[in-house]
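Read the structure below first, then the notes.
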Amino acid sequence: MFVGIRSDKQEFYWDVHVSSTSSPCRSRTDVWDFRAYVRELWAGAPSLSGRTELWTALLGLHTNPILGTGFESFWLGERPQQLEGIFYFIPNEAHNGYLETYLTLGLIGVFLLIGLFVATFWKIRLELFRNFEWGRYRLGFLAALILYNWTEAAFKTLSPLWFVFYLMRY
């Protein structure tokens, strides 16, 4: 299997070529259009498996925008029961780490989290000059963690990814 890029008048296509052999002297190559596959996946779930509706409902619950509700206290009390009629389940997390941080710690918490990311990036950037392999690993982990936190609440107290992030940070 190999991934190829081809262009057609300012538009790029990602192709995945898969070769399979059924006998030693016969081979077949199929071309799989990666963009069409991704479009087909997103057509079935344009709302990220119901997450965007959850995010809208959570933002509808009014909290203090500056300070939030307090550390890890948004899901305590009556707030989960307010969401009971909207979904077929009672949510216990926002499925978005940045929204979870906003709900519990407000804008102050979100800005502190962004500041932590920026400080970590600058430290990793310096590490790339000293030890390229370790710096490259740390930069990839930071990028993956930032993207993963968009669809899951990875920055919680007992999350293993949060613990590894702190180890990587220092």
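The values are calculated or read from the model by the stated rules, or taken from the named source; none is laboratory data. Predicted model only: the values in this text are computed from it and were never measured. Heads up, the Cβs are rebuilt from the backbone with ideal geometry, glycines too, and the neighbour counts pull from every protein chain shown. The protein model used for the area step is the full one, side chains on, heavy atoms only, and it has no ligands, DNA or RNA in it. Shrake-Rupley method; radii C 1.70, N 1.55, O 1.52, S 1.80 Å.
Could you please find all residues in the stretch 121-167 being among the small types (Gly, Ala, Ser) and within 19 Å of LEU105 (Cα to Cα)? Matches in the stretch 121-167: ALA153, ALA154, SER159.
Screening GLU100, GLU72 for residues that are under 30 Å from TYR170 (Cα atoms), open to solvent by less than 70 Å² (accessible area, probe 1.4 Å) and of a type in the set (Asp, Glu) leaves exactly one candidate, GLU100. Within the stretch 75-96, being open to solvent by less than 40 Å² (accessible area, probe 1.4 Å) and assigned to a loop (DSSP other than H, G, I, E, B) holds for LEU83, PHE87, PRO91, GLU93, ALA94, ASN96. Would you say PHE155 is buried (at least 17 other Cβ atoms within 10 Å of the Cβ) and either outside any helix (DSSP H, G or I) or among the aromatic types (Phe, Trp, Tyr) (or both)? The answer is yes for PHE155. Of all the residues in the stretch 103-115, those that are touching a Ser or Thr at 6+ places or on another chain (Cβ under 6 Å) and open to solvent by 20 Å² or more (accessible area, probe 1.4 Å) number 1. In the condition set (1) of a type in the set (A, V, I, L, M); (2) open to solvent by less than 30 Å² (accessible area, probe 1.4 Å); (3) at pLDDT below 90, ILE124 is compliant with all but (3). Do we have any residue at all in the stretch 120-129 that's among the basic types (Lys, Arg) and either closer than 21 Å to GLU72 by Cβ or under 17 Å from the mean Cα position of the chain (by Cα) (or both)? No: the stretch 120-129 contains no residue that is among the basic types (Lys, Arg) and either closer than 21 Å to GLU72 by Cβ or under 17 Å from the mean Cα position of the chain (by Cα) (or both).
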